[in-house]
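**Q** Please see the structure below; I have some questions.
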Amino acid sequence: MPLFGNSFSPKKTPPRKWASLSNLHLLDRSTREVELGLEYGTPTMNLAGQSLKFENGQWVSESGSFLGDRRELQRLRRRNQQLEEENNLLRLKVDILLDMLSETTAESHLMEKELEQLKQHSRRKK
C-alpha cells in the first residue's frame with residue numbers, strides 16, 4: 001500500500017473547440033486579400049532623389065531612363081577604375097617596403113650576432 005496513495009491521476013482534457021472563431025477562412029482568396037490587406041504592390045524606394053521600383057528581380061527607375069545620369073555614371077566608373085589602379089599600386093609599394101624591411105632586419109640581426117661573437121672572441125684572448 002503506497003504511503004500517500006495514488007494522487008496523480010490526470011483528468012481527461014475536454015475536446016477542443018473549433019480552431020478559429022473567425023469566418024475569414026471561409027472566404028475566397030481575393031476577398032481575404034482585400035480584407036486582410038495582403039496585396040502590397042511593387043516595392044519602391046527613393047535613393048538620392050531617384051525613385052526606383054522593384055520589377056522582375058531588378059531595381060528599375062520609375063522615370064524610365066537614366067539619360068541625365070549616364071554621364072555621372074560613366075564619370076563614377078572612371079573614378080572607380082582610377083582608384084582601383086591607385087589601390088593596386090599602393091599595395092605593391094607596401095609589399096616592396098615590407099620586403100625591404102624584413103631584409104634589413106635580417107641583416108641587422110646577423111651583424112649583431114657577428115658583433116657579439118667578436119666581443120666574446122676578444123674577451124677570451126685577454
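**Q** Go through (1) at pLDDT 75 or above; (2) touching a Ser or Thr at 6+ places or on another chain (Cβ under 9 Å); (3) not polar (S, T, N, Q) and name the single condition residue 12 misses.
**A** For residue 12, the exception is condition (2).
**Q** Residue 35 - would you say it is in a helix (DSSP H, G or I), open to solvent by 100 Å² or more (accessible area, probe 1.4 Å) and at pLDDT below 80? Steps first, answer last, please.
**A** On the way: in a helix (DSSP H, G or I): yes; open to solvent by 100 Å² or more (accessible area, probe 1.4 Å): yes; at pLDDT below 80: yes.
It is true that residue 35 is in a helix (DSSP H, G or I), open to solvent by 100 Å² or more (accessible area, probe 1.4 Å) and at pLDDT below 80.
Here is a yes/no grid of residues against (1) open to solvent by 80 Å² or more (accessible area, probe 1.4 Å); (2) part of a helix (DSSP H, G or I); (3) at pLDDT below 95:
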position: 39; (1), (2), (3): yes, no, yes
position: 60; (1), (2), (3): no, no, yes
position: 85; (1), (2), (3): yes, yes, no
position: 90; (1), (2), (3): yes, yes, no
position: 99; (1), (2), (3): yes, yes, no
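The values are calculated or read from the model by the stated rules, or taken from the named source; none is laboratory data. All values reported here derive from a predicted model rather than from experimental measurement. In this analysis, Cβ positions are derived from the backbone assuming ideal geometry, glycine residues included, and neighbour counts consider all displayed protein chains. With ligands, DNA and RNA removed, areas are computed over all heavy atoms of the protein, side chains included. Shrake-Rupley method; radii C 1.70, N 1.55, O 1.52, S 1.80 Å.
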